[in-house]
Amino acid sequence: MDKLILAILFLIPFAGHAQEKKETNANQQLRQLTEALKCEYKILKTATEKKDTAIMAYSYRNLGEIYLKIAKQPLENFVPGDSVSKDQTININKAIDCLNRSISSGEVSGDINLMKKAYKTLSAAQNLAGNVAGALDSYRKMISLKRNSKKALKIEQKHLVYKFGRRVDSLITGKEVVEKHLENKSIELNEKQNQLEKTNHTLILSERDKALQAANLKLQQSQLDFQASRLALQKTNLQLQKNELDKNIRDMEQKNRERYFYILGLIALLVISILAYRTIIIQKKFNRALVKEKKRSEDLLLNILPAEVAEELKAKGYADAKHFFDVTVLFTDFVSFTSAAEQMSPQVLVGELHICFKAFDDILARYQIEKIKTIGDSYMAVSGLPVANPGHAIDIAAAALEIRDFMYQRKLQQGNKTFGIRLGINSGNVVAGIVGVTKFSYDIWGDTVNVASRIEQNSEEGKINISESTYHLIKDNFNCIHRGKIEAKNKGCINMYYLDKRS
């Protein structure tokens with residue numbers, strides 16, 4: 001114990017040193033991020049003065065990323081400055097504001113790649129702020145730009161318009177410079193013509209120098225004519241340049257219109273493809289639902305009727321009653337059911353019946369025995385129909401033993417919370433068919449059924465009572481105990497046996 005305490009005391013300084021080193025690194029990283037903020041703000045100021053939206057978009061995006069990194073850092077020991085707050089929420093809001101400005105500037109310049117990155121960082125900032133819906137919306141916008149969506153096409157078109165606008169502004173500025181030059185030349189020509197008029201006036205007043213002045217005037221006139229010719233030539237050249245400029249503008253407008261219609265065609269093709277794909281998907285879903293509903297109806301029908309009878313009913317709309325030879329009928333009944341039911345709540349009673357009958361269903365299914373119906377606490381089944389089975393009596397005897405053993409184990413586990421059971425089996429001929437037209441059911445009739453019911457009524461709790469006809473069919477496979485002739489209601493004396501076990 002003392003050694004453990006010494007070890008802890010020895011490790012405490014190292015743990016403190018590691019924590020101090022971690023805090024120092026965090027503060028150093030925050031200082032670096034603060035310096036990066038200052039540099040980025042200077043770049044943003046220069047871009048704003050020059051009205052360069054592309055640089056402004058990148059600068060705002062960098063500011064948003066820096067503020068997001070600062071918001072993720074621990075700020076307990078950090079001294080805040082002009083641009084950084086110690087409140088994490090304020091830093092996150094600054095990051096979101098800068099990223100929104102970056103997206104707005106990116107839309108003006110049409111820079112899709114920048115907008116993708118800005119939307120991705122904005123989604124992370126909104127998620128950190130707890131705005132999950134906003135984060136998902138920003139992420140969807142980023143995905144829509146990646147998939148060349150309608151919005152991406154609009155931004156690309158805006159980018160083309162932006163470039164075209166800048167080109168047109170440049171051409172218009174050149175046009176204005178040319179027109180200004182022509183105006184200056186015209187003013188200069190007017191001034192020279194005024195000077196010529198003054199010279200002519202002077203020549204009229206001075207007769208001695210008239211010839212000389214006339215010669216000078218003629219020379220000046222020639223010079224003016226030459227300058228006028230040059231001016232006319234320059235004007236012609238400027239007009240040709242203007243015509244070329246107008247032609248270029250018309251060509252650019254034509255290309256822009258062609259590009260616009262091309263984009264509209266692509267969008268229309270995309271919409272048609274999506275609608276066609278959606279129609280195919282809906283049709284497939286409808287077909288799957290139809291198949292599923294058909295299978296559900298068929299399964300429900302098979303749960304009510306035997307497969308062969310169900311197929312006949314679907315094919316003809318009705319099923320004929322049939323006479324079956326060599327079948328074996330099983331009846332089960334719970335002993336003292338009424339008194340046991342009085343001690344149970346309705347929910348517990350129905351639940352216990354469900355557990356027992358479900359177990360009977362599973363046992364009969366393994367032997368391909370057809371369940372006919374349940375009447376209250378009584379259970380009725382038959383082996384050998386609708387498909388003939390030479391071992392019908394042996395199968396139903398084996399199933400009866402499993403039912404008896406299941407109820408015995410159930411009684412050991414649940415005690416008075418379940419029931420005792422008695423079983424009766426008889427073999428012979430029956431008639432089988434569908435009864436009714438609404439809520440129809442498959443049933444069997446005949447003396448074999450009535451005798452099987454009397455055999456079950458003369459059984460005892462935990463016993464399987466069988467008739468003499470069934471005994472002769474299974475005696476080589478099972479041990480049976482002869483009970484002698486026993487009086488059965490409306491049937492006289494009948495030879496009966498108890499089914500014991502497999503031999």
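Look at the alpha carbon pairs under 8 Å that are at least 6 residues apart: their mean separation over the length of the range 458-503 gives a relative contact order of 44 percent. Between the beta carbons of Leu233 and His201, assuming R0 = 25 Å, the FRET efficiency works out to 0.20 to the nearest 0.05. Using the Cβ-Cβ distance between Val431 and Glu461 with R0 = 41 Å, the FRET efficiency computed as 1/(1 + (r/R0)^6) comes to roughly 0.80. The base-10 log of I(q)/I(0) for the range 320-502, evaluated at q = 0.09, 0.13, 0.18 Å⁻¹, reads -0.31, -0.65, -1.21 [Debye formula, identical scatterers on Cα atoms, solvent excluded].
Extension gain, Asp251 to Ile267, is 3.4 nm, computed as 0.36 nm per intervening residue step minus the present C-alpha separation. Working ranking of peptides 30-37, 381-388 by packing, defined as the average number of other Cβ atoms within 10 Å per residue, highest first, is 381-388, 30-37.
In this structure the amide hydrogen of Ile486, modeled in the peptide plane, comes within under 5 Å of the amide hydrogens of Ile494, Asn495, Met496, none closer than 5 places in sequence on its chain. Here each label is just a point 7 Å from Cα along the line to Cβ, and for Asp361 and Asn100 those points are 6.1 nm apart. Annotation for Glu258 and Asn287: the two label points, set 7 Å from Cα along the Cα-Cβ direction, are 4.3 nm apart. Fully extending the segment from Ala321 to Gln347, taken as 0.36 nm per residue of separation minus the present Cα-Cα distance, adds 5.6 nm.
Coordinate-derived values only; no laboratory data. Please read these numbers as outputs of a predicted model, since none were measured by experiment. Backbone-built Cβ (ideal geometry, glycine too); neighbour counts: all protein chains shown.
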